1. Going through region 2-47 one residue at a time, which ones are within 14 Å of Val58 (Cβ to Cβ), free of Cβ contacts under 8 Å to residues at least 40 places away in the same chain and hydroxyl-bearing (Ser, Thr, Tyr)?
2. Just for strands (runs of 3 or more DSSP E) wholly inside the chain: which have at least 2 residues that are of a type outside the set (Gly, Ala, Ser) and open to solvent by 80 Å² or more (accessible area, probe 1.4 Å)?
3. Take Asp26 and tell me if it is of a type in the set (Asp, Glu) and closer than 27 Å to Leu82 by Cα.
4. Using the structure shown, decide if Ile70 is in contact with a Leu (Cβ under 8 Å, 6 or more places away or on another chain), of a type in the set (A, V, I, L, M) and at pLDDT below 95.
5. Restricting to region 6-18, give me the number of residues that are of a type outside the set (Ser, Thr, Tyr) and out of contact with any Gly (no Cβ under 7 Å at 6 or more places or on another chain).
Amino acid sequence: MIYMMQINGLTITHKKDLRTILEKFDLVLNAGDKAVIIGEEGNGKSTLVKWIYDPDMVEDYVECEGKRIIGNEILGYLPQELPQNDKSK
C-alpha cells in the first residue's frame, strides 16, 4: 500500500535543555484522512509540522530521529507569522 505520508519512530529532543518533545511517534495518513494536532502552547506542535514539511527547518534547535516518508504529494507550509518581507505580498 502506498501512503500519502508515514512517520516512523520520530523522537524530537530540544537541543537547548535536552527536553524530549515527542518520543517514538508513528503516524500514517492516507488520501482522505484528516488529522488534528492539539496541545498546550510550547509543546512542539509547530516544530512537528515544520519537521513534516521540511526537517531542515528545525535542525537549528531540535534533534530529530525517525523516518519521514512522503508519497507523491506536494506539501505546503504557512508559518504562524509571516516574515516582514512577505507581508506586503
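1. Matches in region 2-47: Ser46, Thr47.
2. Working: elements: 5-14, 20-29, 62-70.
The qualifying strands (runs of 3 or more DSSP E) are 20-29, 62-70.
3. Numbers: of a type in the set (Asp, Glu): yes; closer than 27 Å to Leu82 by Cα: no.
Criteria not met by Asp26.
4. The answer is no for Ile70.
5. 6
The values are calculated or read from the model by the stated rules, or taken from the named source; none is laboratory data. Just so you know, these numbers come straight off a predicted model, no measurement behind them. Note: ideal-geometry Cβ built from the backbone for every residue, glycine included; neighbour counts use all protein chains shown. Side chains are part of the model used for accessible areas, which takes the heavy atoms of the whole protein and leaves out ligands, DNA and RNA. Shrake-Rupley method; radii C 1.70, N 1.55, O 1.52, S 1.80 Å.
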